[in-house]
Amino acid sequence: MASVDLPHSLATAAVLAALCLPSAGCFPRCLGGCGDDSGDGGDDWNPDEEPDVGLESLDRCASHLSESERRERIAIVDDVVSSNRDLALLVGQVGTLSRGLTEGLYAMVLDPDHHALPEQFSSDGEGTYRYQADPSSPSSRFEAQFRTTRPFEFAPDGALLTQDLFDLETYLLDPRVVITDNSDGTRRVRLRHDGPGPLAELLGYGPQPPEVLTLDEGSDDWEDLGYELTELRVDAIVHHDAQPTVATVNSNVELSGIEADGLYSNTRRVPLDLELSAVRDDLEQELRVTEVDLKLTSGRTMDGELHVVVEGADFNFSAHLVYDRSSVPEITYDCE
């Protein structure tokens with residue numbers, strides 16, 4: 001077999017392009033990753049789409065207001081819809097992070113010097129990963145952690161992984177790679193190292209991996225590499241402040257116990273533990289949530305229901321938002 005005359009940097013770039021990872025300049029617009037809208041991915045996000053709203057149901061309590069005046073007073077709900085669109089994108093970055101880990105491992109194997117943490121993410125060195133969509137605007141915050149889901153020699157079940165999961169040295173000490181061509185057109189990767197790193201078990205070879213890992217591209221060993229990473233649990237906290245037009249919307253979401261490989265599945269619905277409130281100062285309006293049952297789906301969409309009550313201005317009213325794997329809900333209004 002002849003050696004492939006390909007620098008590690010080019011090999012890494014090719015793999016990253018194939019995997020469509022953020023570190024290759026590719027940013028997913030869906031929970032399922034970049035450019036992957038297969039499956040029942042729901043409706044794609046359309047920033048110009050607006051909810052279809054009828055206001056006849058408010059006649060009983062807002063008969064003294066014209067339709068334009070009514071629409072002005074329900075604008076606080078429109079701002080919640082707009083904020084939820086951005087929130088879905090932000091929460092979806094949990095999938096970007098987990099995909100960067102489970103698929104970035106292959107890029108690290110092909111180039112041991114490659115660091116697989118996706119762009120716009122940072123690490124505090126103690127197991128917390130942060131995402132900042134706009135560094136100049138700290139109004140949105142994202143933090144995620146990875147934990148074990150079963151006992152290992154290096155840690156018990158549920159342990160926080162404080163090591164750098166996106167560095168191959170965490171799994172193998174001083175890794176070196178040789179890539180050769182197979183006769184069938186695939187490649188053979190030989191990965192030598194000086195011993196197991198602290199998280200060597202997550203590669204799938206136990207606590208003492210072979211001195212040389214030999215992986216044929218497309219083989220079962222290649223496909224199963226790092227399978228344990230897909231079993232890790234991801235916990236995340238997302239905070240989003242927004243001022244779309246007339247109101248200030250504050251949102252907090254907690255994700256707990258989500259398996260890493262499920263976060264970017266096109267058919268996965270991720271439950272959102274959502275806390276949300278909004279205020280509009282000029283009309284002295286306050287919006288609060290009374291019922292919520294929302295899940296994040298692919299395509300930056302939501303599925304489920306949200307019920308809110310708005311108090312202040314000339315009258316109090318409620319709004320019921322129904323998302324059907326969409327970014328824009330159907331909204332019905334009623335008097336309070």
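Considering only V91, P151, S140, the residue lying farthest towards the positive end of the dipole of the stretch 65-151 is P151, judged by Cα position with unit charges set on Cβ. The simple Förster model, with R0 at 35 Å and r as the Cβ-Cβ distance, assigns S256 and E284 a FRET efficiency of 0.45. Taking each residue as 0.36 nm, the span from D221 to D174 lengthens on full extension beyond its C-alpha to C-alpha distance by 14.8 nm. Accessible surface area normalised per residue over the stretch 56-114 is 33 Å², counting heavy atoms of protein chains with a 1.4 Å rolling probe. With the charge dipole of the stretch 130-279 set up from +1 on Lys and Arg Cβ and -1 on Asp and Glu Cβ about the Cα centre, the Cα lying farthest toward the positive end among the listed residues I237, T248, W222 is that of T248. Estimated at the nearest 10 Å², the accessible area of H307 is 40 Å² with a 1.4 Å probe. The slack between Q208 and S123, meaning 0.36 nm per residue of separation minus the straight C-alpha distance, is 27.9 nm. Taken about its Cα centre, the stretch 130-260 carries a charge dipole of about 400 debye when Lys and Arg each add +1 at the Cβ and Asp and Glu each add -1 at the Cβ. A crude spin-label estimate for the pair H307 and V322, with each label 7 Å from Cα along the Cβ direction, gives 1.3 nm. Computed over protein heavy atoms with a 1.4 angstrom probe, the accessible surface ordering of C335, C61, largest first, is C61, C335.
Extension gain, E67 to N182: 0.36 nm times the residue separation minus the Cα-Cα distance gives 34.2 nm.
The values are calculated or read from the model by the stated rules, or taken from the named source; none is laboratory data. Being a predicted model, the structure only gives us computed values, none of them experimental. Quick reminder, even Gly has a Cβ in these numbers, built from the backbone with ideal geometry, and neighbours come from all protein chains shown. Note: areas computed on protein heavy atoms with side chains; ligands, DNA, RNA excluded. Shrake-Rupley method; radii C 1.70, N 1.55, O 1.52, S 1.80 Å.
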